[in-house]
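Trainee: Here it is, the structure in full.
The values are calculated or read from the model by the stated rules, or taken from the named source; none is laboratory data. Everything numeric here is computed off the predicted structure, so don't read it as measured data. All Cβ positions, even for glycine, are placed from backbone atoms using ideal geometry, and neighbour counts span all protein chains on display. Quick note on the areas: whole protein, heavy atoms, side chains included, nothing else; ligands and nucleic acids left out. Shrake-Rupley method; radii C 1.70, N 1.55, O 1.52, S 1.80 Å.
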Amino acid sequence: MADFFFYGTLRHLPLLRIVLGRDVADPAPEAARLADHGVFQVDETPFPHFAAAPGCEAVGILVRGVTEEETQRLRFYEGGFDFDVRPVLVELESGDTVRAEVFYPDADHAPSERRWSLSDWERDWSEISVCAADEVMAWYGRKSADEIAVAFPSIRRRASALVAGRRRTPDPERNLSRDVIVAAHHHPYAKFFSLQEIDVQVRQYDGAMSEVLNRAAILVGEAAVVLPYDPVRDCVMLVEQFRAPVFMAGDPAPWIWEPIAGLLEPGEAAETAARREALEEAGLSLGQLESAGEMYSSTGSSTEYLHLFVGLADLGGDVTGTGGTDEGEDIRSKVIGYSELMQGIDAGHYKDMPLVTTALWLARHRDRLRTSP
């Protein structure tokens, strides 16, 4: 067994429980500190950086009696973040000095000069981090730490979407703790998207609980979708790209015309994501954003939650022909008149649900947008 000193996010006990796979109340963690070290903020991330810093003091907790199996779980969780384990001497509140193991980050992760705050992190990021750790540790023993490191940005996006979903308005007629019983939760696949299964019982309309049902869903995240519209020229911009799911459905026309769209990053507002994606995919700066609704894209198969917008823009002059080189994207764009758009919708030429939805929203609000100052 070993004793570990935790200075960063693992001081948050709900997160530590998930990583260790057990409660940490017996023995209870002890307050500890490490001289000549500091915990600093990594710029533009919520994560801490631990480094030698003469005259500083790193505050943390000491967890005693960590088993070899729990150590391997810690190495798996931290291993994907380029950490190494080293021995240190920490001081307890009693004044006693204890030898403990500590995770040192890779030297390439340069910190800022700002001290990292556990309370700020717990307020803004702990719920997302706990959800992400749930998925990460579900892969312990089945994936390597390096594989998890590659998948971690997608895992965090899914965790952020899960937290956002929990905060939506509850059903006033039902109580999830009483009306839905999850017997098992399975993680058969995870990369850019995740496939998860649950064995679940659901209260039926006659009041009885159903038999145990196996149900699956593709976990995607939240996405911002924006249809750029020029109210002066009365035209819109569409983007086209190859869509593998359409090809895998057997459709002979898998290049799809769509609005601009992209997944939200953790902590990112939908409006910010819409503007970012417009720049990345089409080199387009948007003006006013009009909300065209929020909805699930496919409630029977996917957790994807869409924030739909119509974005006012100047679509005159040169239009970027191609864009979106990140993650293998190959995108082209075109500008078409409103009448041509609606003729294509009526003729069934366009197959993308967000495009049809935003186009129909535009049809209802076009007169207002064209006459507004």
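Trainee: Modelled with pLDDT of 95 or more and loosely packed, with under 15 Cβ neighbours inside 10 Å: which single residue out of Pro14, Pro27, Pro54 fits that description? Let's see the steps before the verdict.
Mentor: Working: Pro27 fails: modelled with pLDDT of 95 or more; Pro54 fails: modelled with pLDDT of 95 or more.
The conditions single out Pro14.
To keep it simple, each residue is scored yes or no on (1) closer than 25 Å to Gln204 by Cα; (2) touching a residue at least 40 places away in the same chain (Cβ under 8 Å).
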site	(1), (2)
Arg123	no, no
Tyr140	no, yes
Pro153	no, no
Pro170	yes, no
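Trainee: Within region 277-321, restricting attention to residues that are under 30 Å from Glu197 (Cα atoms) and of a type in the set (Val, Ile, Thr), which residue is most open to solvent (accessible area, probe 1.4 Å)? Working first, answer last.
Mentor: Restricting attention to region 277-321, the residues satisfying the condition of being under 30 Å from Glu197 (Cα atoms) are 293-308.
With of a type in the set (Val, Ile, Thr) added as a condition, the list becomes 299, 303.
Numbers: Thr299: 122, Thr303: 55 Å².
Among residues in region 277-321 that are under 30 Å from Glu197 (Cα atoms) and of a type in the set (Val, Ile, Thr), the one most open to solvent (accessible area, probe 1.4 Å) is Thr299.
Trainee: Are there any pairs with C-beta distances below 8 angstrom linking a residue in region 27-39 that is on the phi > 0 side of the Ramachandran plot to a residue that is of a type in the set (D, E, K, R) and assigned to a strand (DSSP E or B), with the two at least 6 apart or on different chains, and if so which?
Mentor: Asp36/Glu57
Trainee: OK, next. Residue check, His49 against (1) in a strand (DSSP E or B); (2) over 25 Å from the mean Cα position of the chain (by Cα), all met but one. Which one?
Mentor: Single failed check for His49: (2).
Trainee: While we're on this one: Please find, among Arg123, Arg174, Arg178, Arg168, the residue that is among the basic types (Lys, Arg), open to solvent by 70 Å² or more (accessible area, probe 1.4 Å) and in a loop (DSSP other than H, G, I, E, B). It would help to see each step written out before you state the result.
Mentor: Numbers: Arg123 fails: in a loop (DSSP other than H, G, I, E, B); Arg178 fails: in a loop (DSSP other than H, G, I, E, B); Arg168 fails: open to solvent by 70 Å² or more (accessible area, probe 1.4 Å).
Result of the check over Arg123, Arg174, Arg178, Arg168: Arg174.
To keep it simple, each residue is scored yes or no on (1) open to solvent by less than 20 Å² (accessible area, probe 1.4 Å); (2) touching a Leu at 6+ places or on another chain (Cβ under 7 Å); (3) farther than 20 Å from Ala138 by Cα.
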{"position": "Val59", "(1), (2), (3)": "no, no, yes"}
{"position": "Arg75", "(1), (2), (3)": "no, no, no"}
{"position": "Val85", "(1), (2), (3)": "no, no, yes"}
{"position": "Gly95", "(1), (2), (3)": "no, no, yes"}
{"position": "Ala100", "(1), (2), (3)": "yes, yes, yes"}
{"position": "Tyr104", "(1), (2), (3)": "no, no, yes"}
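Trainee: Select, from Glu147, Glu68, the only residue that is acidic (Asp, Glu), over 16 Å from Asp3 (Cα atoms) and open to solvent by 50 Å² or more (accessible area, probe 1.4 Å).
Mentor: The unique qualifying residue is Glu147.
Trainee: Related question: Being farther than 16 Å from Asp352 by Cβ, surrounded by fewer than 15 Cβ atoms within 10 Å (Cβ to Cβ) and not hydroxyl-bearing (Ser, Thr, Tyr) is the filter here, so list the residues in region 249-276 that pass it.
Mentor: Gly250, Pro252, Gly267, Ala269 - these are the residues of region 249-276 that are farther than 16 Å from Asp352 by Cβ, surrounded by fewer than 15 Cβ atoms within 10 Å (Cβ to Cβ) and not hydroxyl-bearing (Ser, Thr, Tyr).
Trainee: May I pose another question? Name the helices (runs of 4 or more DSSP H) wholly within region 256-373 that hold at least 1 residues that are more than 16 Å from Ala224 (Cα to Cα) and among the small types (Gly, Ala, Ser)?
Mentor: On the way: elements: 270-282, 338-346, 353-371.
Result: 338-346, 353-371.
Trainee: If Ala216 satisfies all but one of (1) buried (at least 19 other Cβ atoms within 10 Å of the Cβ); (2) small (Gly, Ala, Ser); (3) closer than 23 Å to Cys131 by Cα, what's the number of the condition it fails?
Mentor: In the conditions (1) buried (at least 19 other Cβ atoms within 10 Å of the Cβ); (2) small (Gly, Ala, Ser); (3) closer than 23 Å to Cys131 by Cα, Ala216 misses (1) alone.
Trainee: Just for region 221-246: of the residues that are surrounded by fewer than 22 Cβ atoms within 10 Å (Cβ to Cβ) and among the hydrophobic types (A, V, I, L, M, F, W, C), which one is nearest to Cys131 (Cα to Cα)?
Mentor: This residue is Ala244.
Trainee: Identify all residues within region 30-50 that are crowded, with 19+ Cβ neighbours inside 10 Å, among the hydrophobic types (A, V, I, L, M, F, W, C) and more than 19 Å from Trp121 (Cα to Cα); write none if there are none. Can you show your working first?
Mentor: Step one: list which residues in region 30-50 are crowded, with 19+ Cβ neighbours inside 10 Å, which gives 32, 34, 37-41, 48-50.
The next check asks that each one be among the hydrophobic types (A, V, I, L, M, F, W, C); those that pass are 32, 34, 39-40, 50.
Within region 30-50, Ala32, Leu34 meet the criteria.
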